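Notes to accompany the following structure.
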Amino acid sequence: MTTPGEFTIALHMLSDWRIGTGTGAHGYVDRLVQRDADGTTGSPAAPIVPAKTLVGVWRDSCEVAAYALDSGDGGGVWHAWLHHLFGGQYRADDTTVVRPAALVLDGPLRFPGTLAALLRAKPRVAWAATFRKPGVAINPETGTAEPDKLRFEEMARGGATLVGSGRIKGFGTLDPGQQAAAMALLGAGARLLETIGGKRRRGAGRCRMTVTGPGLAPEWTSPALRDVPPPPVAAPYAVPEKATAPAGEGPGWERAELVITVEEPVLAAATVQGNLVEGEKHIPGWCLMPEVVRRLGGAAHALVRSGDLVVTAALPRSPRGTATLPVPRVLTHEKGRPEVVTGNRLLDGPAGGKTYKEGYVVPDGEDAYATVSPDTTVRMHNTIRDDIQRPARDIGGVYIYRALAATTVLRAEARVRAGRLAPGWEDKLAGSWRVGRSSKDDYGKVRVQVHRQAAEPGRDQAVAGLLRVWLLSDLLVRDRRLRPSTDPADVARALEQALASAGAEGVRLTPRPGAALAAHRTESWHRGWGLPRATLYGLAAGSCLTFEVDGGPIPAEALAEVRAAGVGERRAEGFGQVELDHPLLVRPVAEAPAPPHTSGPQPPELLAPDAEGHATARVFERAAWRAEIHRASERIRGRQAEREKVLHREVPSTQLNALREVIADLAEGRAESRLAWLTRTKAGRREWPPEAVDQLKHLLTSPDRIWDLLGLQEQDLVLTSDGIPVLRRELRDEAIRVLVEACLSAHTRAKAANLEREGSAR
């Protein structure tokens, strides 16, 4: 049931449309449409309407409505609601903080129900969801086509309906008048939205948008223009009320495993390189921490400050569902084949092979040393300037997001010192989250499942001699002058302090040569303030160090505590997670195992006539059948034996050409009577062979004869349970015309070729 402030969106495409990716496929098409995700082999994914695109045109429509409701006053109350719902717009000459939007869409608009999944299982129908349209550039001076400017653009078929959902953040805090005003403006903008996507000034992208939900009437009516309440003033950033950390009841940590399934691409810890914004292939702990603290509430803020609450990074799981860790930089792999581990420099010393710079490794079990690299997705976006209606560099221009792909499954841990929170605290963390950058539209939607973890088994033994450290996340330490440092000596000092706090006082660590280190920087941002924070610079995850232990041995309990609590700064946000003397670092390298074979998901059931998405599926089915009818007719026309099942070879071409008038109108009885008139006995004309007349009569009168001749793979061409009988009836006349026309053309050419050969022989 939809709650106040939530609504559903339906966008019915009245014409063919395209929302492009900005890329093409060499040899196929120059401009591709935006699709849901990477399709399976040979089967493209379904076209979508990205939330960013919809929000942009919806805002333009709401601006028109706001100007009308404010009587042309650009500073009226309706414009205030426009800025509240859609947020501020970036300007190069404006130094003020851009106001965040209250309107949030739950990802792009997609085909309803199970239609998208069915398209993946039916490649022939999936390809029919789009088509290629040729185009050419016109010289503005001559008005003629420019040479060498032919292009092909992919277009999505009209007649489809795409659906999505959204909500207004903070809707429950508004009074009834404010709620009505917000919904009225969104409803007016939806009614005014008539086109979307590319080429919409040339007829493409015509659409009809409907928004339904509490407070939204089916027919929009003008609200009262007087005494419209203004939107709430943006509240300044407020620090939660300071609470004290509760005392614990015993040693150890309570652990909750967070299994995170990515539903929309996640852009986290983004690095900007020109116009490319590239996210990490995992979700850092500092990206998950705000949502964890918000859901736990109460004393969680104090536990973060005291270091008694830790949220680790969410790392991708292996194909078998086992946990992974950042690949140690002491491992090497074959050049160009990162899945093949070739050596361990801790055991083998300097050797050939390439050092791992990214990726994740399965640390334990039969899959040990198997490496994992999750998929990413690339999407292109742009920012349109209102006056020129084109992307402009001064307000963002064209930019590319590379984000963690949907369907990726990751694993993280939330750890709380024993007894600090009431039993059952982990249950509050389950549900739908939005994390990372641009999470108000196309990115950042994840589903979290929570499993309570038992206490970590005591696999540690007291360490004396050498201590091998493997960084599972970035490590932030400072030197003696409090500057960010990557010096192993500063790491040793931070680790000594962590061990001392864990009960191993008096331990001294001396760095040994041969460390495998790398530095990493994180550009931090404070969302509440809307301002950048200091850059976080330290050792990168996967770095490995070796220390000589003096004053040991180090007790096993101290090692377990350091492993759980972390080392260095900002440990609550997942920084400073370490593994100490992990067996993987000293295990001989074996050949990496092959990834297990997993069968793909079973396709869903066909759509019933009353199912959601049935009408849209019929549009694609019809296009797929027509394409296959033409392919089958071309196949038959090129094979004389099959062509003669339609047209007898003994009938002259002049008489066969009269069949075009017969098949022009295939209404019941008319075609049969016309055929009888055409094949009647007439003086001075060769009679039609009886078998030729029977062939044509059977083709024109039997409802199934045309389909027997074409031999279509009908089960592969339907998404609906009633598709085959309905499309057989609907497309029968068209199929007969296409087949007969193809055969007539081939028959005439064959006759002409025979006459030419006979003339040459004479």
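The values are calculated or read from the model by the stated rules, or taken from the named source; none is laboratory data. Given the structure is predicted, the values throughout are model-derived calculations rather than measurements. Positions of Cβ are generated from backbone atoms using ideal geometry, with glycine treated the same way; all protein chains shown enter the neighbour counts.
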Out of the range 543-576, which residues are among the small types (Gly, Ala, Ser), touching a strand residue (DSSP E or B) at 6+ places or on another chain (Cβ under 6 Å) and closer than 26 Å to Arg417 by Cα?
-> Ala564, Gly568, Ala572, Gly574, Gly576
In this structure, is Asp490 in contact with a Lys or Arg (Cβ under 9 Å, 6 or more places away or on another chain) and assigned to a loop (DSSP other than H, G, I, E, B)?
-> no
Determine if the range 716-732 includes at least one residue that is at pLDDT 85 or above, closer than 16 Å to Leu659 by Cβ and surrounded by fewer than 17 Cβ atoms within 10 Å (Cβ to Cβ).
-> no
Could we say that Trp470 is farther than 28 Å from Arg200 by Cβ, under 22 Å from the mean Cα position of the chain (by Cα), outside any loop (DSSP other than H, G, I, E, B) and among the aromatic types (Phe, Trp, Tyr) here?
-> no
Would you call Ala412 within 22 Å of Arg563 (Cβ to Cβ), in the same structural domain as His301 (by TED's automatic domain parsing) and either more than 14 Å from the chain's Cα centre (by Cα) or not charged (D, E, K, R) (or both)?
-> yes
Would a scan of the range 516-537 turn up a residue that is loosely packed, with under 15 Cβ neighbours inside 10 Å, more than 43 Å from the chain's Cα centre (by Cα) and outside any loop (DSSP other than H, G, I, E, B)?
-> no
Cβ pairs under 7 Å, 6+ apart, first in the range 63-86 and in the same structural domain as Leu193 (by TED's automatic domain parsing) and basic (Lys, Arg), second at pLDDT below 90 and buried (at least 18 other Cβ atoms within 10 Å of the Cβ) | none
Mind listing whichever residues of the range 1-24 are part of a strand (DSSP E or B) and of a type outside the set (Val, Ile, Thr)?
-> Glu6, Phe7, Ala10, Leu11, His12, Met13, Trp17, Gly20
State yes or no: is Arg208 modelled with pLDDT of 90 or more and exposed (fewer than 15 other Cβ atoms within 10 Å of the Cβ)?
-> yes
Matching residues in the range 662-682 - criterion: being exposed (fewer than 13 other Cβ atoms within 10 Å of the Cβ) and of a type outside the set (Lys, Arg) | Ala664, Asp665, Ala667, Glu668, Gly669, Ser673, Ala676, Trp677, Thr681
Exactly one of Arg437, Arg417, Arg452 is at pLDDT below 95, buried (at least 18 other Cβ atoms within 10 Å of the Cβ) and out of contact with any Leu (no Cβ under 7 Å at 6 or more places or on another chain), and that residue is Arg417
